[in-house]
Every structure is written in structure tokens, then in C-alpha cells.
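Comments concern the structure below.
The values are calculated or read from the model by the stated rules, or taken from the named source; none is laboratory data. The model shown is predicted, which means the values in this text are computed figures rather than measured ones. FYI the Cβ positions are ideal-geometry reconstructions off the backbone, even for glycines, and counts take in every protein chain you see. Heads up: the accessible areas ignore ligands, DNA and RNA and are worked out on the full protein's heavy atoms, side chains in. Shrake-Rupley method; radii C 1.70, N 1.55, O 1.52, S 1.80 Å.
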Amino acid sequence: SSAITPKILGKSWGAGALKILDFEIATGQRFTNNLHVLVQVSVDYHPLYGLSVNLLDIDSNFMLGILEQQRNATLARLVKENDFIRKEGELYSTLNSRLKLPAVIQRVAVISSSSSAGNEDFRHTMQHNDFGYVFRIDDYHTVVQGDNNAKLFLNKLIEVYNTGIPYDAIVITRGGGSQSDFLIFDNYNIGRAVAKFPIPIITGIGHQKNVSITDLMAHTHTKTPTKAAEFIITHNRRFKQHILSLQRTLAMKSQQLFLGYYKELSGLKSMVSHNARELTAAQKEELVLQKQHISQASRNLLAKERQNLLLS
């Protein structure tokens, strides 16, 4: 039943308390309820207070190993059960990662917590970029931590799809946190939905130590919300630079083409002028000869007619 049968007091003093601190630093996880941990204890007995255990050490690798085993099993299941997910070396090729990003990203849906500082960083970076780019950013707030909240997150992803808005990209943002806070992004159903989603998904969930399953299934993985914003700005900047490069190439090619035709037209002009002068000179010479011939013929004719008049 759910009733408590025995109860024993747990203590951590001195070195034991330091071991808890070491555990939290190594795993990024607060030492709190509902953790599966391997601990070393000593058993103490007091005539008045009864049995108790004193914490001596915590095996941090035990917890990390369990999480890693669960993660690897989920990845293997995703590949096995879904033909749109393929493992290629150490990376994963998904339907989402194979999508082509639009030449320019302008309409963005952001899935994040309503109180996320990471979302504020993302918005600030996007709206105050150095190039004056303007973006439409729509927020879809939900819970982005805890594996038990995976259903809420998945419903929000479906909501974005059902809006019918032709977003250029979806960005998933989150600030920092402990390792267990990121377990939601290792959830099988979320990983599958991200892998199959028809709009490119960019992640920036602020997890510096590891890459989550959602990161591996998405189109583009960045470390933080700010990095996600910088990726989009750089993507648009690359398109603008390409257009400017085409403009410079077009201007240069036009000048080269104009110069080529200008030289050709100059040659034709010189040839026409030369031929015209030669033709004019030849015609002028021909006209002089014709003039001389007509003058001589006229004199001969007049002389002949004069002689005929004298004889008559």
C-alpha cells in the first residue's frame, strides 16, 4: 500500500555535506526528491533516537549513467520505429533536418516558457540586430522542463502547426538549468514530433554540457537562445551578401559587355566612314569622267551640226 511501514533518519554532516555539493556540481542536478542515486552510508544506532544513516559518499556517475542509458535507448527506438529518422555516423538525419531553410527567415514561432530569460535574450538579439532586419516573432508559451510535462510541450508544437501560419522557422528556447530539467527534451514523443515536423526547427535550449535528443532531431542545433538568434541573423545576412555579390557581378559583366559592344561599334563606325569616303571618291571620279565625256560629246555634236548648216 501507500502507507509508510518503516522510517529511518538520513543525515549528512561535514564531509557528507561536501559530497552533496560535489554531486550537484558534477551532474548539474540538485540533490532533492525523486532521484535515483547510488550512495554510501554508515548505519548508526542511538538508544533514544533509534536507527539512522549517515551519508558518506555519492556516486555521480551512477545517475549520469542511468540518464545516458535511457537517452541511448530512446535514440535507438526512434531510428528503429520511424523510417524518416536515419543515423548517419554520429549524427541523425531526419525529415526536419533535410528541409531547406527559406532564403530569408522573417516569420518565426518561438516555443518557450512565459518567464524565460532565454526568450527575452532571443527577442532582444533579433530586434536589435546591427543590420536593421525586421522579424515577426510569435510566442507560444508552455512548460519547458520536466519529463512529466512532455504532453504540454507536444500540444504546443501541434498548436503551432494547426494555426496554418506559414512560419519560416520554429525556435525552441530555454534558459539554463540542471540536467534533470532538460529531460523533457530527451522525451521520445517530442523527439519524434520534432523529427517529422514540416517546418524547420532551430533549438537554443541553453544546455552547454550535452546535446539533447530534440537537438539531434531538429533542423539546426545551437547552444543558447542568443546563438539561435545570431544563427537566423547570419543566415539572412548571408542571403543579402549573396544578392550584393550578384549585383556587383551584374554591374561588372554589364560594363564588360558594354565595352565589348562599344569597341565593336567603334570599329563598324570606322569601317563605314572609310568605305563611305572610298565610295564617295570613286563616285566623284566617275562623275568627273562622265562630265568630260558629256562635254566632249556635246562639242562634237555642235560641230557636226554647224558643218551641216554651212553645207546646206
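Given +1 on the Cβ of Lys and Arg, -1 on the Cβ of Asp and Glu, and no further charges, what dipole in debye does the chain carry about its Cα centre, rounded to the nearest 20?
1800
With everything on Cα atoms, drop me the angle between helix 60-81 and the longest principal axis of the chain, reported from 0 to 90° to the nearest 10.
Between helix and principal axis, roughly 50 degrees.
Over segment 19-161, what is the relative contact order in percent, taking alpha-carbon pairs closer than 8 angstrom and at least six residues apart?
Relative contact order comes out at 14 percent.
Comparing Tyr140, Tyr161, Tyr45, which has the greatest mean-square fluctuation in the GNM of the chain with Cα pairs linked when under 10 Å apart?
Tyr45
With a ≥ b ≥ c taken as the square roots of the eigenvalues of the C-alpha gyration tensor of segment 155-312, please select rounded if a/c is under 1.5 and otherwise prolate if a/b is larger than b/c or oblate if it is not?
prolate
Classify the chain: rounded, prolate or oblate, from the alpha-carbon gyration tensor (a ≥ b ≥ c, eigenvalue square roots; a/c under 1.5 rounded; otherwise prolate if a/b is larger than b/c)?
Note, shape of the chain comes out prolate.
Give the separation of the Cα centroids, segment 269-312 to segment 47-103, in Å.
Each part reduced to its Cα centre gives a spacing of 109 Å.
Short version: ³J(HN,Hα) in whole Hz for each residue of segment 41-52, in order, from phi by Karplus 6.51 cos²θ - 1.76 cosθ + 1.60 (θ = phi - 60°), x for Gly and Pro, what are they?
10, 10, 9, 10, 10, 10, x, 8, 9, x, 6, 8
Given H placed 1.01 Å from N in the peptide plane, which residues other than close sequence neighbours of Ser93 have an amide H under 5 Å from its amide H?
Arg86, Lys87, Glu88
Take peptides 101-113, 283-295, 211-223 and line them up by average Cβ neighbours within 10 Å, highest first, as a rough protection proxy.
Sorting 101-113, 283-295, 211-223 by mean packing, highest first, produces 211-223, 101-113, 283-295.
Give the separation of the Cα centroids, segment 121-165 to segment 211-267, in Å.
Using only Cα atoms, the two centres lie 27 Å from each other.
Can you give the charge dipole size of segment 66-135 about its Cα centre, rounded to the nearest 20 debye, using +1 on the beta carbon of Lys and Arg and -1 on the beta carbon of Asp and Glu?
Roughly 300 debye for segment 66-135.
Ignoring ligands, DNA and RNA, what accessible area per residue does the chain give at 1.4 Å, in Å²?
With the other protein chains kept in place, the chain gives 65 Å² per residue.
Can you give me the P(r) profile for segment 1-130? Cα pairs, bins 5 angstrom wide beginning at 0, each as a whole percent.
2, 7, 10, 10, 10, 13, 13, 10, 8, 7, 5, 3, 2, 1, 0, 0
With respect to the cross-link table entries Lys100/Lys196; Lys100/Lys227; Lys196/Lys227; Lys100/Lys151; Lys87/Lys196, which display a Cα-Cα separation exceeding 22 Å?
Checking Cα-Cα distances, Lys196/Lys227; Lys100/Lys151 exceed 22 Å.
Would you be so kind as to identify which of Val53, Phe31, Leu101 lies farthest towards the positive end of the dipole of segment 25-123, taking Lys and Arg as +1 and Asp and Glu as -1 on Cβ and the Cα centre as origin?
Leu101
Could you please state how large a percent of the accessible area of the chain is carbon and sulfur, counting protein chains only and using a 1.4 Å probe?
Roughly 57 percent, rounded to a whole number.
Could you grab the relative contact order for the chain? Cα pairs under 8 Å, six or more apart, rounded to a whole percent.
That works out to 15 percent.
HN-Hα J couplings of segment 262-274 from phi, Karplus 6.51/-1.76/1.60, θ = phi - 60°, integer Hz, Gly and Pro as x?
Going residue by residue, I get 5, 5, 5, 5, 5, x, 5, 4, 4, 5, 5, 4, 5 Hz, with x marking Gly and Pro.
When DSSP assigns beta bridges and you keep just the ones with both residues in the chain, what percent turn out antiparallel, to the nearest 5?
40
Taking the Cα centre of segment 168-292 as origin, work out the dipole magnitude from +1 charges on Lys and Arg Cβ and -1 charges on Asp and Glu Cβ, in debye rounded to 20.
The calculated dipole for segment 168-292 is roughly 180 debye.
Please report the relative contact order for segment 181-312, taking Cα pairs under 8 Å with a sequence separation of at least 6, and give it as a percent rounded to a whole number.
About 15 percent, as a whole number.
Looking at Leu9, Gln256, Ala193, which one has the Cα that reaches farthest to the positive end of the dipole of the chain (charges on Cβ: Lys, Arg +1; Asp, Glu -1)?
After comparing all options, I get Gln256.
Helix 15-27 versus the longest principal axis of the chain: what angle, 0 to 90°, nearest 10, using Cα atoms?
20
Specify the angular offset, from 0 to 90 degrees and rounded to the nearest 10, of the alpha carbon long axis of helix 117-127 from the longest principal axis of the alpha carbons in the chain.
Once rounded, the angle reads 10 degrees.
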